[in-house]
């Protein structure tokens, strides 16, 4: 069986949204009693005296080997009312690394989700790129069809400067 390797890998540090802990937060103000909205699948944004509060709780950061690529123009997302503030950063992750880090669920799907935050990039445990604006995952897609035991070896992580929350 052929396994597709990463080319020139570095590490991406990702902070996954902790839905259970975010759910348990009681946001400031009296509008909400839970910190997570199951309908929009996002943390609640509350405002008290004009101050915006986001009760986002994150799991411990996870460091994953990756290959950094640039998205083609056709892959960049457009939304109603104009282009979204997507980046051209695409992180290519190998499923062997995801499996080793327990980032595949029982059905062998990647557990990284839209709204998870990209913290920084590392090379040899040194930060080589941090992001001035928060960078979030907006889509995780399979790559390298036909390779690997699951029919593909790679996961493509597309990013955006906006969280998946349309309100924030």
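The values are calculated or read from the model by the stated rules, or taken from the named source; none is laboratory data. Only a predicted model underlies this, so the values are computations on that prediction, with no experimental measurement involved. Note that we place each Cβ from the backbone using ideal geometry, even for glycine, and neighbour counts take in every protein chain shown.
Return yes when residue 93 is modelled with pLDDT under 80 and surrounded by 14 or more Cβ atoms within 10 Å (Cβ to Cβ) and no when it is not. So residue 93 does not fit the description; no. Of the residues that sit in region 12-32 and are at pLDDT 70 or above and loosely packed, with under 15 Cβ neighbours inside 10 Å, which one is nearest to the chain's Cα centre (by Cα)? Ranking the qualifying residues of region 12-32, first place goes to 20. Among the residues of region 128-142, none qualifies, meaning not one is within 10 Å of residue 95 (Cα to Cα), assigned by TED's automatic domain parsing to the domain that holds residue 65 and outside any strand (DSSP E or B). Among the numbered conditions (1) in a loop (DSSP other than H, G, I, E, B); (2) at pLDDT 80 or above; (3) surrounded by fewer than 16 Cβ atoms within 10 Å (Cβ to Cβ), the only one that residue 3 does not meet is (2).
No other residue among 116, 165, 105, 150 is over 13 Å from residue 13 (Cα atoms) and modelled with pLDDT of 80 or more apart from 105.
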